[in-house]
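The values are calculated or read from the model by the stated rules, or taken from the named source; none is laboratory data. Note that the coordinates shown come from a computational prediction; the quantities given were computed from them, not determined experimentally. Here the Cβ positions follow ideal geometry from the backbone for every residue, glycine too, while neighbour counts run over all protein chains shown. Ligands, DNA and RNA are stripped out before the accessible areas are found, and what is left, the full protein with its side chains, is counted by its heavy atoms. Shrake-Rupley method; radii C 1.70, N 1.55, O 1.52, S 1.80 Å.
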Amino acid sequence: MLGNFTYCNPTKLYFGKEALENLHGELKKYGQKVALVYGGGSIKKNGIYDAVTKILQEEGKDVVEIAGVMSNPTIHKLREGVETARKQGTEFILAVGGGSVIDYAKALSVSVHCDEDPWEKYFVKFEEPDCATLPVGTVLTMVGTGSEMNAGSVITYPEKKLKIGHVFADEKIMPRFSILNPVYTMTLPKYQMTAGIYDIFNHICEQYFSGTDDNTSDYLAEGLMRNVIEAGRKAVVNPEDYEARSNLMWDATWALNTLIAKGKTTDWMVHMLGQSVGGCTNTTHGMTLAAVSLPYYKFIMKDGLPKFVRFAKNVWNVDAAGKSDEQTAEEGLAKMKAWMQELGLVLHLKELGADETMLDDLVNGTLILQGGYRILTKEEIRTIFRQAM
Ligand code: NZQ
Ligand code: ZN
């Protein structure tokens with residue numbers, strides 16, 4: 001394990017079919033005025049809204065609703081929510097939904113008492129809040145982002161074609177509690193479910209594909225990846241397989257709650273490429289990652305060859321006997337591709353509405369990070385996007 005690090009994750013998790021009962025006890029700890037944040041209405045169709053509002057009523061809370069938080073939540077929607085929360089004097093934010101709703105709730109938490117423009121402050125200058133922040137609790141309905149147990153928040157500025165994530169340094173931005181009932185995820189459309197499965201897998205890859213030391217985090221990552229592969233296969237065949245859905249939910253949370261990043265420089269370039277696609281096309285996060293992953297990993301494979309060999313052997317059970325390292329690594333990526341096809345993931349940017357005319361915006365919208373096996377140039381990013389078309 002290299003480097004010095006701190007590990008602190010204060011989010012309390014309640015997991016399982018009865019998890020929502022714990023909302024009673026949690027609500028008692030926070031203020032009277034609650035903002036209930038949710039998305040485009042799926043929770044009204046599947047009964048989660050009724051179950052949550054019943055508990056809010058039983059606890060005697062004054063509730064204001066901030067509804068209609070879209071996938072890839074926008075800065076404009078954030079500004080609207082800030083106004084609503086200020087008017088109400090919100091003391092506690094309850095987010096019920098997927099990563100978009102939870103990310104939005106965190107952005108709201110740091111913006112309600114902030115005098116500056118939240119886009120400039122948090123998503124351009126990446127500053128930390130220097131104002132009071134509001135506590136956030138979550139009821140998770142979509143599995144993938146890990147937002148339920150981390151301090152990340154991704155906001156989109158559509159007119160600027162920018163989608164930018166800020167992982168806040170202060171753990172008080174992490175949800176105070178998250179309620180994880182795998183049954184809630186069973187009403188997800190297949191497209192969203194599989195996008196979420198790939199999001200989990202890629203979060204693990206982003207942390208795994210960095211560094212050359214012997215590192216506990218890599219062994220944890222391999223275990224998680226093996227389970228995502230197996231549980232993902234089962235969930236696609238039978239979306240109501242509770243065991244598979246519950247494993248995926250737990251995998252997602254541990255894939256991105258900072259644990260497996262410890263001692264790692266981490267890469268995150270697939271997310272930078274994918275977020276740029278999201279900024280230009282407003283498409284589903286997990287699918288944007290799926291479309292750029294294989295071109296990216298093939299591009300950097302030689303720079304991190306020993307890790308790609310290890311990935312092939314330990315994650316995909318590739319038998320390396322009689323093969324060169326390059327052949328073994330390539331076979332690992334081929335197996336990954338076959339699994340992605342089995343899940344029905346998007347493997348080409350064209351399927352997301354991107355085309356060559358967007359290349360300049362795609363390249364300019366990609367932040368270049370330095371933690372992986374190769375620091376990309378703008379020209380290399382262009383090549384990868386071309387190969388992903
Ligand atoms: O809006 P509603 O009606 O709720 O519908 C949602 C939405 O259409 C639907 N859905 C959610 N739960 C459902 C359901 N439909 C039926 N039954 C249910 N139980 O699914 C759709 C997608 O939801 P969304 O929240 O947008 O998906 P996801 O959880 O993938 O979140 C995506 C956002 O999270 C960001 C992404 O960039 C994107 O903006 N990310 C956040 C991260 C973090 N905080 O650490 C890291 C990730 O890498 C990611 O960047
Ligand atoms: Zn992601």
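Descriptive notes on the structure:
- Single residue of L305, L294, L259, L289 found to be surrounded by fewer than 21 Cβ atoms within 10 Å (Cβ to Cβ) and within 15 Å of V346 (Cα to Cα): L294
- All positions within region 238-260 that are among the aliphatic types (A, V, I, L, M) and more than 22 Å from K17 (Cα to Cα): L256, L259, I260
Rundown of residues vs (1) away from ligand 1 (no atom under 11 Å from the Cβ); (2) of a type in the set (V, I, T), yes/no style:
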{"site": "A151", "(1), (2)": "no, no"}
{"site": "I155", "(1), (2)": "no, yes"}
{"site": "K161", "(1), (2)": "yes, no"}
{"site": "F209", "(1), (2)": "yes, no"}
{"site": "N215", "(1), (2)": "yes, no"}
{"site": "E230", "(1), (2)": "yes, no"}
{"site": "Y242", "(1), (2)": "yes, no"}
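- Residue in region 1-44 that is nearest to ligand 2 (Cβ to nearest atom), counting only those that are under 24 Å from the mean Cα position of the chain (by Cα), more than 17 Å from I93 (Cα to Cα) and in a helix (DSSP H, G or I): S42
- The residue that is most open to solvent (accessible area, probe 1.4 Å), among those in region 90-106 that are among the small types (G, A, S) and either in a helix (DSSP H, G or I) or on the phi > 0 side of the Ramachandran plot (or both), is S100.
- The sole residue among R386, R374 that is open to solvent by 60 Å² or more (accessible area, probe 1.4 Å) and in a helix (DSSP H, G or I) is R386.
- So T145, is it touching a strand residue (DSSP E or B) at 6+ places or on another chain (Cβ under 7 Å), within 15 Å of ligand 1 (Cβ to nearest atom) and β-branched (V, I, T): no
- Subset of region 124-141 (residues that are open to solvent by less than 40 Å² (accessible area, probe 1.4 Å) and in contact (Cβ under 8 Å) with a residue 40 or more places away in the chain): P129, T133, L134, P135, V136, G137, T138, V139, L140, T141
- In region 67-81, the residues that are away from ligand 2 (no atom under 16 Å from the Cβ) and open to solvent by less than 10 Å² (accessible area, probe 1.4 Å): V69, I75, L78, G81
- Residues that are without any contact (Cβ under 8 Å) to a residue 12 or more places away in the chain and surrounded by fewer than 19 Cβ atoms within 10 Å (Cβ to Cβ) do occur in region 345-357, at least one of them.
- The residues on offer are K44, K87, and the sole one that is surrounded by fewer than 20 Cβ atoms within 10 Å (Cβ to Cβ), within 10 Å of ligand 1 (Cβ to nearest atom) and modelled with pLDDT of 95 or more is K44.
- The set of residues in region 132-142 that are within 26 Å of C205 (Cα to Cα), touching a strand residue (DSSP E or B) at 6+ places or on another chain (Cβ under 6 Å) and either within 15 Å of ligand 2 (Cβ to nearest atom) or of a type outside the set (V, I, T) (or both) contains only L140.
- The single residue among F177, F201 that is within 16 Å of ligand 2 (Cβ to nearest atom), open to solvent by less than 10 Å² (accessible area, probe 1.4 Å), in contact with a helix residue (DSSP H, G or I) (Cβ under 8 Å, 6 or more places away or on another chain) and not basic (K, R) turns out to be F201.
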